[in-house]
1. Here is a list of conditions, (1) modelled with pLDDT of 95 or more; (2) out of contact with any Asp or Glu (no Cβ under 8 Å at 6 or more places or on another chain), and LYS30 meets all of them except one; can you say which number that is?
2. So is VAL31 out of contact with any Cys (no Cβ under 8 Å at 6 or more places or on another chain) and either within 12 Å of the ligand (Cβ to nearest atom) or not in a helix (DSSP H, G or I) (or both) or not?
3. Hey, among the residues in the stretch 54-78 that are more than 10 Å from the ligand (Cβ to nearest atom), outside any strand (DSSP E or B) and under 15 Å from CYS102 (Cβ atoms), which one's most open to solvent (accessible area, probe 1.4 Å)?
4. Pairs only if they're at least six apart or on different chains, beta carbon under 8 angstrom, first in the stretch 91-107 and touching a residue at least 24 places away in the same chain (Cβ under 8 Å), second open to solvent by 80 Å² or more (accessible area, probe 1.4 Å) and not aromatic (Phe, Trp, Tyr); list them, first residue then second.
Amino acid sequence: MPKQPNHRDENQTGVITRTEAKTKKPSLYKVLLLNDDYTPMEFVVHVLERFFGKGRDEATRIMLHVHQKGVGVCGVYTFEVAETKVTQVMDFARNHQHPLQCTMEKE
Ligand code: TYC
């Protein structure tokens, strides 16, 4: 779809103001879970339900993918939302003394 064209309005004082519609889409970031040998599978499923809004079946599918492949995508978000998810998961894992690692990368 074409964006709205730039538009320059000149008011009665001669001041020119831009009224261009700002429609730039934000960059998106994948939030990733990393496999390890110690974090219980059930804990990872719980993380995916609690912080990523997954149902039990989808959470289990993602956990098993990470377990088998080493890394997997939990969701795709704008920068600040992704950063918040990473912090929440890392704090939650640390509080439960699990070595689970969560990170983000630009899509
Ligand atoms: N590999 C872990 C185990 O066998 C399970 C696990 C899955 C850990 C996903 C981390 O991101 C992870 N208990």
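1. So LYS30 meets the others, but not (2).
2. Working: out of contact with any Cys (no Cβ under 8 Å at 6 or more places or on another chain): no; either within 12 Å of the ligand (Cβ to nearest atom) or not in a helix (DSSP H, G or I) (or both): yes.
In short, no.
3. Among those that are more than 10 Å from the ligand (Cβ to nearest atom), outside any strand (DSSP E or B) and under 15 Å from CYS102 (Cβ atoms), it is LYS54.
4. So the pair list comes out as PHE92/ARG50; ALA93/GLN101; MET104/GLU83.
The values are calculated or read from the model by the stated rules, or taken from the named source; none is laboratory data. As the structure is a computational prediction, the values presented were derived from the model and not from experiment. FYI the Cβ positions are ideal-geometry reconstructions off the backbone, even for glycines, and counts take in every protein chain you see. Note: areas computed on protein heavy atoms with side chains; ligands, DNA, RNA excluded. Shrake-Rupley method; radii C 1.70, N 1.55, O 1.52, S 1.80 Å.
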